[in-house]
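What follows is calculated from the coordinates using simple rules that are stated; it is not laboratory data. The structure presented is a predicted model; accordingly, all values stated were derived computationally and were not measured. FYI the Cβ positions are ideal-geometry reconstructions off the backbone, even for glycines, and counts take in every protein chain you see.
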Amino acid sequence: MKKYLILLGLAFGLGCGEKPDESVPIDVLSIQEMTAIMVDVQLIEGGIVIRKYNKTQRKGQITDYYKSLYHKHKVSKETFENSLKYYTDHPDKLEEIYDGMLERLSKLEAEVQNEKPDTSSQVK
């Protein structure tokens, strides 16, 4: 699963000219769909890192996370991988996905921060 993150990073570094009006093929997930999936990929990968650090990761759990991801978004692993390949080959479109991911993840972070109780005024 880390290969997805590596591909995403490499695609950013390789940005070259692309036809601005080039449409996405019918067998590729839309930018909006891919953005939603990639937000969840980031959350999954973050959870995996924390579980490994805490030594609570069980064998096969990563596979289960990704199966749940595909089920949630009603997409097959193959469609996701083909779409990821397409977008890594089209850096301008991948940048749109990345921008959308950052926006959504920032909103999620703000929501979590707003839900945390203020402990700064508590006496120890």
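Tell me, what is the FRET efficiency for R51 and N82 to the nearest 0.05, using R0 = 30 angstrom and their Cβ-Cβ distance as r?
0.55
Within 10 Å of each residue's Cβ, count the other Cβ atoms and sort S83, S23, S68 from fewest upward.
Taking fewest neighbouring Cβ atoms as first place, the list is S23, S68, S83.
If R0 is 22 Å, what FRET efficiency do you get for D27 and T63 from their C-beta distance, rounded to 0.05?
According to the calculation, E is roughly 0.35.
Sorting I48, I97 on the 10 Å Cβ count, fewest up front, what's the list?
Going from sparsest to densest Cβ surroundings: I48, I97.
For segment 28-109, what does the relative contact order come out to in percent, with C-alpha contacts under 8 Å and a separation of six or more?
Once normalised by length, the contact order is 54 percent.
Taking amide H positions as placed 1.01 Å from N in the peptide plane, with prolines and chain starts having none, which residues 5 or more places from L29, or on another chain, fall under 5 Å of its amide H?
S83
First select every other residue whose beta carbon is under 11 angstrom from the beta carbon of Q61; then total the charges, Lys and Arg +1, Asp and Glu -1.
+4
Among V24, V41, which comes first, then next, by fewest other beta-carbon atoms within 10 Å?
V24, V41
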